[in-house]
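**Q** This is the structure I want to talk about, given as structure tokens.
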Amino acid sequence: MVYITRWEDFETAAIELYKKSPTKARYCVKFRPKDGELVLKVTDDFKCLKFKTRSSIILNRFEALNLRLLLSMSARPLPAPASSTTTATTKVPSGVDSAAGTGEKSVGAGEAGGDVVMKDATGETAGAGASTGGKTGGGKKKKKGKK
């Protein structure tokens, strides 16, 4: 099997191969940490495309190809690119916790004199020893005997 040397050629050929036979096409990703090599393989049992690189620059391109192929394999449309002029922000009213369903009131920096009361999932106030089961951690460690 011959490796394709240019990323653009591999990307277009891989997408075309998948579109040609989506039920038979397979996509394999291998990373060899010893060598630092990333190997990509797309095949439909008749044609095999492989790409190998050691460059970390390819990772962004690899993520884009991965997203494109996986979305098409799961029959989902490609997401629209986010524009820099419009950003979606969610405003949470003051005093309302963003975790819906907890019924807790979040305390802002200016409220209650800066003191924050934390409650665990059962609704009990979490004190200094609540996370350690009531034990304090300032004691000496016991020495272990020889094995």
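**Q** In this model, which of Lys30/Lys147; Lys19/Lys52; Lys34/Lys144 are farther than 32 Å apart at the alpha-carbon?
**A** Lys30/Lys147; Lys34/Lys144
**Q** Right, here's the next one. For the range 22-33, take each phi angle, set θ = phi - 60°, evaluate the Karplus expression 6.51 cos²θ - 1.76 cosθ + 1.60, and give the result in whole Hz per residue in order, putting x for glycine and proline.
**A** Each residue's phi maps through the Karplus curve to give x, 7, 9, 6, 10, 10, 10, 10, 10, 10, 10, x Hz.
**Q** Using the count of nearby Cβ atoms within 10 Å as a rough guide to exposure, how do Lys141, Lys20, Lys41 rank from fewest to most?
**A** Lys141, Lys20, Lys41
**Q** So how much slack lies between Phe31 and Ala75, counting 0.36 nm per residue of separation and subtracting their Cα-Cα distance, in nm?
**A** 13.2 nm
**Q** Moving to a separate point now. What ³J(HN,Hα) values, in whole Hz, does the Karplus curve 6.51 cos²θ - 1.76 cosθ + 1.60 give for the range 57-68 when θ = phi - 60°, with x put for Gly and Pro?
**A** 5, 5, 4, 5, 5, 4, 4, 5, 5, 4, 4, 5
**Q** Calculate I(q)/I(0) for the range 7-73 by the Debye formula, one identical point scatterer on each C-alpha and no solvent, and give its log10 at q = 0.14 Å⁻¹ to two decimals.
**A** -0.39
**Q** How big is the dipole moment of the range 7-73 about its Cα centre under a simple scheme where the beta carbon of each Lys and Arg is +1, that of each Asp and Glu is -1, and everything else is neutral? Debye, nearest 20, please.
**A** With Lys and Arg at +1 and Asp and Glu at -1, about 220 debye.
**Q** Working out 0.36 nm times the residue gap between Val39 and Lys19, then minus their Cα-Cα distance, what length gain in nm do you get to one decimal?
**A** Taking Val39 through Lys19 to full extension adds about 5.1 nm, to one decimal.
**Q** For Phe31, Phe51, which order do you get if you count the other beta carbons within 10 Å of each Cβ and list the fewest first?
**A** Result, fewest neighbours first: Phe31, Phe51.
FYI, it's all coordinate maths here, none of it is from the lab. Keep in mind that this is a model prediction, so the values were computed, not measured. Counting neighbours? That spans all protein chains shown, and the Cβs are built from the backbone with ideal geometry, glycine included.
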